[in-house]
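Scroll down for the structure; my scribbles are underneath it.
The values are calculated or read from the model by the stated rules, or taken from the named source; none is laboratory data. Being a predicted model, the structure only gives us computed values, none of them experimental. Here Cβ is always computed from backbone atoms with ideal geometry, including for glycine, and neighbour counts include all displayed protein chains. Surface areas here come from the heavy atoms of the whole protein model, side chains and all, with no ligands, DNA or RNA. Shrake-Rupley method; radii C 1.70, N 1.55, O 1.52, S 1.80 Å.
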Amino acid sequence: MSDMELLALDCSLFADTYTEESQYCFGDRELRITQVFGADLGVAAPVWDAAVCLCRYFEEQKFDFTGRRIIELGAGTGIVGILISLLGGDVTITDLPLALQQIQYNVAANVPPDSLCVPRIQALSWGRNHLDFPSDCDYVVGADIVYLHDTYPLLLQTLEHLCGPWTVLYLSSKMRPEHGTLAFFEEMLPHLFNTQVVYRSDSQNISIYRATRRTDT
């Protein structure tokens, strides 16, 4: 994206808002992520701690996503999908339509336009247009997307479609008891997936779950 295109995007996205740019380092990679507040983005605006934990987990575990197809759900700022693309992944970053411009801005700021792995950015509303997406990706990822109980059946419906027999699912989440987050991971998700906790931060109350589709359902 050219400087003029970035400027136009900047002006249209940030009208009547205020922004905050933060830098995040994962190994030798530094990401500049802009968060837009006051644009009716709600929970899509900030970089949540669970997203940073998932990025750090991928970097510290030396994930190589080269040649792998990945879908990120509820991306918000896009930080997780951006890092995965820089680790070689063929990424589709998704969220509701209102968040896509913020994601586009952050992708343009961090991924060179001539990169072989520039992420695609698409609208995905759980339980509505999930059938428009493939069901044979290598990975599906999400960070802090388990926080609203009414959306859990829609999320499960979407995960059931997106995750084929060889897909690996990674979900990083703040474990909020008031939102039934633990019940989602320990009671609802296991009906469809074999799950395990691969990372836990007691100080932040964040867990990362790795899951694969059950073969006996």
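Table: residues versus (1) outside any strand (DSSP E or B); (2) touching a Pro at 6+ places or on another chain (Cβ under 9 Å); (3) hydroxyl-bearing (Ser, Thr, Tyr).
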| site | (1), (2), (3) |
| --- | --- |
| Phe63 | yes, no, no |
| Gly67 | yes, no, no |
| Glu72 | no, yes, no |
| Gly76 | yes, yes, no |
| Val80 | yes, no, no |
| Ser85 | yes, yes, yes |
| Ile93 | no, yes, no |
| Ala99 | yes, no, no |
Residue count for region 125-152, restricted to those that are more than 14 Å from the chain's Cα centre (by Cα), assigned to a loop (DSSP other than H, G, I, E, B) and of a type outside the set (Ser, Thr, Tyr): 9
Close pairs (9 angstrom Cβ cut-off, 6 or more residues apart or separate chains): without any contact (Cβ under 8 Å) to a residue 12 or more places away in the chain in region 159-172, open to solvent by 10 Å² or more (accessible area, probe 1.4 Å) anywhere: none
Positions within region 46-88 being open to solvent by 10 Å² or more (accessible area, probe 1.4 Å), touching a residue at least 60 places away in the same chain (Cβ under 8 Å) and charged (D, E, K, R), in sequence order: Asp49, Arg68, Arg69
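Return a yes/no flag: does region 168-182 have any residue that is within 26 Å of Ser85 (Cβ to Cβ) and at pLDDT below 95.
Going residue by residue through region 168-182, those that are within 26 Å of Ser85 (Cβ to Cβ) are 168-174.
Narrowing the set further to residues that are at pLDDT below 95 leaves none.
No, because not a single residue in region 168-182 is within 26 Å of Ser85 (Cβ to Cβ) and at pLDDT below 95.
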Test: residue in region 9-28 that is touching a strand residue (DSSP E or B) at 6+ places or on another chain (Cβ under 7 Å), modelled with pLDDT of 80 or more and of a type in the set (Gly, Ala, Ser): yes
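Output the residues belonging to region 105-124 that are at pLDDT 95 or above and either assigned to a loop (DSSP other than H, G, I, E, B) or farther than 20 Å from Thr167 by Cβ (or both). Walk me through how you get there before you give the answer.
Initially, region 105-124 is screened for residues at pLDDT 95 or above, giving 106-111, 118-124.
Result: Asn106, Val107, Ala108, Ala109, Asn110, Val111, Val118, Pro119, Ile121, Ala123, Leu124.
One line per residue, one yes/no per condition, for (1) hydroxyl-bearing (Ser, Thr, Tyr); (2) buried (at least 21 other Cβ atoms within 10 Å of the Cβ); (3) within 22 Å of Lys174 (Cβ to Cβ):
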| residue | (1), (2), (3) |
| --- | --- |
| Ile33 | no, yes, yes |
| Asp90 | no, no, no |
| Asp95 | no, yes, yes |
| Ser115 | yes, no, no |
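Suppose we filter Asp144, Asp202, Asp150, Asp114 for residues that are in contact with a helix residue (DSSP H, G or I) (Cβ under 9 Å, 6 or more places away or on another chain) and either on the phi > 0 side of the Ramachandran plot or charged (D, E, K, R) (or both); which single one remains? Step through it out loud before you land on a result.
Values: Asp202 fails: in contact with a helix residue (DSSP H, G or I) (Cβ under 9 Å, 6 or more places away or on another chain); Asp150 fails: in contact with a helix residue (DSSP H, G or I) (Cβ under 9 Å, 6 or more places away or on another chain); Asp114 fails: in contact with a helix residue (DSSP H, G or I) (Cβ under 9 Å, 6 or more places away or on another chain).
Going through Asp144, Asp202, Asp150, Asp114 in turn, just one is in contact with a helix residue (DSSP H, G or I) (Cβ under 9 Å, 6 or more places away or on another chain) and either on the phi > 0 side of the Ramachandran plot or charged (D, E, K, R) (or both): Asp144.
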